[in-house]
């Protein structure tokens, strides 16, 4: 039996990421598998640099699929285009920049390049993994970057993408995760609440998670 473990929006909470990886390994009994991180590694929380460094290095014994989030894209844009720096700062980038010492020129080019080249989507036999969502009316190959990074589903909407279940984050709900027939939203505002929820999906079985791993740490500011 094989599983895919999905880590939602980390937003600079390296402490939660470390605990999540340890709990995933324990859940799997020490065996490897697939971990899908669905973006937003940076901004808002205190340790964006550490999160990027950890994920760039890969996870020993695991196939790590790291997808891009809208905040990852904003960081790249803000650092490459001075006209977009203020927008990134306003959306949580100040915390990310502080983790690099506060100077935009101190952010390693390797980190910017890594964030920039991240994939927008991962698809397996039963599911579509993406940061924000997909347009159910368009083929996956025709999805726009704006949809994949920024989409918000209508409240209560439970559809997925045809027979495939959609696994996403982006639209946080501190009381989540939100589990529907066609989609799972794992974003529980972990950077602020201190509660990160990892979804466990059976690779041989369609639908939503077969288990949830809840990682707890201090709320923001404590």
Exercise. Normalised by the number of residues in the chain, what is the relative contact order in percent for Cα pairs under 8 Å and 6+ residues apart?
Worked result: 22 percent
Seminar exercise, completed: Here the Kirkwood hydrodynamic radius of the stretch 1-105, Cα-based and in Å, equals 14.3 Å
Problem set entry | residue 173-residue 126 FRET efficiency (beta carbon distance; Förster radius 35 Å; 0.05 resolution) | 0.90
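Helix-only estimate, please: 222 nm mean residue ellipticity of the chain, summing -39500 (n - 2.57) across DSSP H runs of length 4 or more and dividing by its residues, to the nearest 500. Don't skip to the end; give the middle numbers.
Values: 8 runs with 62 residues, N = 222.
Per the formula, -7500 deg cm²/dmol.
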Seminar exercise, completed: In terms of the alpha carbon gyration tensor, root eigenvalues a ≥ b ≥ c, rounded if a/c is under 1.5 and otherwise prolate when a/b exceeds b/c or oblate, the stretch 64-176 is prolate
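Take the Cα atoms of the stretch 134-222, build their convex hull, and give its volume per residue in Å³. Could the numbers behind the result be given before it?
Values: hull volume 9.1 nm³, N = 89.
Considering the Cα atoms of the stretch 134-222, their hull volume per residue is 103 Å³.
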Exercise. According to a simple spin-label model (label point 7 Å from Cα along Cα-to-Cβ), what is the distance in nm between residue 119 and residue 202?
Worked result: 2.4 nm
Exercise. At q = 0.08, 0.12, 0.16 Å⁻¹, what base-10 log of I(q)/I(0) does the Debye formula yield for the chain when every alpha carbon is treated as an equal point scatterer in vacuo?
Worked result: -0.26, -0.59, -1.07
Problem set entry | DSSP-defined antiparallel bridges as percent of all bridges, the stretch 1-157, nearest 5 | 25 percent
Exercise. GNM, the chain, Cα, under 10 Å: largest mean-square fluctuation among 165, 122, 27?
Worked result: 27
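Taken together, the values in this text are just the output of simple stated rules run on the coordinates, not laboratory data. Just so it is clear, the model here is predicted, and its values are computed rather than measured. Reconstructed Cβ throughout: ideal geometry from the backbone, glycine too, with neighbour counts over all protein chains shown.
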